[in-house]
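Below is one structure, written out as structure tokens; comments come after it.
Bear in mind that the values in this text are calculations on the coordinates, not laboratory data. Note that this is a predicted model, so its numbers are computed, not measured. Counting neighbours? That spans all protein chains shown, and the Cβs are built from the backbone with ideal geometry, glycine included.
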């Protein structure tokens, strides 16, 4: 029995990792399936077991995902990190690409807002203010 306890020392089940990291259990399972975080399976019950080192990794994933990076982008970054390389240039490049994408989308949304404002102005100035739609 002492060997079994030793085997589990330093590991967290998915619920404990969720509590420590602020992620949901579903997200953690998804990240494990996607290869973003590593887990082992307890041979006795098949439960996923994680190490404490996954907590800062999950926080990093959440932060860069909030910047709009995709799971694929994040995975490529983490592959480098796992090899001991901090991929500063690739991260910077991905974030700049995301910024350009957001700016382009903002321009499209701004144009859409202008078209909607024009449509509202036309609607309000026309005789279509009956209050009811007719077929």
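Key figures
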quantity	calculated
Tilt relative to the chain, helix 54-66 - C-alpha long axis, 0 to 90 degrees, to 10	10 degrees
0 to 90° range, to nearest 10: angle between helix 25-34 axis and the chain longest Cα axis	80 degrees
Zone of residue 52's modelled label, taken as backbone nitrogen in the stretch 20-40 under 19 Å from a point 7 Å along Cα→Cβ	20-23, 38-40
In degrees, nearest ten, helix 71-82 long axis to first principal axis of the chain (Cα)	30 degrees
GNM top mover of 18, 106, 121 - the chain, alpha-carbon springs below 10 Å	121
Top of 40, 117, 54 by mean-square fluctuation, Gaussian network on the chain, Cα under 10 Å	117
Alpha carbon Rg of the stretch 1-67, scaled by the compact-globule rule 2.2 N^0.38 Å	1.15
Computed Kirkwood radius, in angstrom, where 1/r is averaged over Cα pairs of the chain	19.0 Å
Spin-label model distance (nm) - residue 92 vs residue 111, 7 Å beyond Cα toward Cβ	3.2 nm
